[in-house]
Amino acid sequence: MVATEVGSSEQPTTEVDEPGWEVDPADEPGAAVVATVGRQLKLHREAAGLRAAEFGSAIGYGEDLVYKVESGRRIPRPEYLDRADQVLKAGGLIAAMKKDVEEVRYPKKVRELAKLEARAVELLSYGNHNLHGLLQTEEHARALLGTRRPSLTPDVLERALDARMARQAIFNRTPPPDLSFVLEEVTLRRPIGGRMVQRRQLERLLEVGRLSSVDIQIMPTARWEHPGTGGRIQILKFGDGSAVGRADEEFGGRPVSRPQQVRVLELPYGIIRAQALAPRESMAFIEQVLGEA
């Protein structure tokens, strides 16, 4: 449960809602971490003899946000913790909590996916509608998230965007995992975010596609007779020989990990990959679309 202040005589004097991330009450592990960080911040503030309003003014945030952070109802941003550490002369103890906060600031489902991707030695992805999140530029991702209906609140959109960009650290791993993406032609041609955003996205695909550990293949729209018409297929393989996969039309769209279930997903993926343009042809195709954009 999220901790709340008990028996405090201080009351917030402002209702300004300032930068931070909302806590998902259903995310109990994440909420517990945020509550612990909030209690530590309050203890440091009170030990320094500062009221919430004074502390907020000193670090450049409103009193209302201070109460929300200290009661575990708001996830503080890294800069909030840095300023708090300086003002409270905590000698790095508060700033060190940034790592704890970083691990829980993203939605639980995204954290679980990021952990799986961080373990994976091989990733197989076919997308028939949108580019995989690992391939998206920040501009493209922001515009794409902005098309959601019902519309995402600014706070939820920023958290989703930050989480998506953070997952791209997978490209910096040593040794890198083998990444295979098969993209439908339409995902290149749809100008998400406008023409300039589209061009920068195509340039990003070319940049990533040149990495030795990455294969990007394009499925031309004219090749309609392939087993990808049912939707996305995603498979992650791990160093111990295990794997987890998911497909829109198989097993109710749920993640599966039993070997025989994963093989059901690998079969259509292998056919899709064989029918798509080869990686070198795909790079030339992306360059062609870029020239037309």
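Using a cutoff of 8 angstrom between alpha carbon atoms and counting only pairs six or more residues apart, the relative contact order for segment 108-292 works out to 27 percent. Could you give the DSSP H helices of the chain that reach 15 angstrom or more along their long axis (alpha carbon positions) and whose average Kyte-Doolittle hydropathy is no lower than -0.5? Answer set is 28-47, 154-167, 259-275, 279-292. Assuming charge only on the beta carbon of Lys and Arg (+1) and of Asp and Glu (-1), the dipole of the chain about its Cα centre is about 520 debye to the nearest 20.
Phi angles across segment 240-257 convert, under the Karplus curve 6.51 cos²θ - 1.76 cosθ + 1.60 with θ = phi - 60°, into 3J(HN,Hα) values of 8, x, 7, 7, 9, x, 7, 9, 4, 9, 10, 6, x, x, 7, x, 10, 9 Hz, Gly and Pro given as x. In plain terms, the residue of Val264, Val197, Val69, Val37 with the fewest other Cβ atoms within 10 Å comes first and the most crowded comes last, giving Val264, Val197, Val37, Val69.
Evaluated over the chain, the count of Lys pairs having alpha-carbon atoms less than 28 Å apart is 22 (only pairs 8 or more residues apart or interchain). When the Cα positions of Val87, Met97, Ala58 are compared along the charge dipole of the chain, Met97 comes out farthest toward the positive end, with charges on each C-beta of Lys, Arg, Asp and Glu. Packing order of peptides 124-131, 77-84, highest average first: 124-131, 77-84 (average count of other Cβ atoms within 10 Å over each peptide's residues).
Throughout, read-outs are computed from the coordinates displayed, never taken from laboratory work. Every value quoted in this text rests on a predicted model; they were computed, and no experiment measured them. Please note: Cβ atoms are built from the backbone with ideal geometry, for glycine as well, and neighbour counts cover all protein chains shown.
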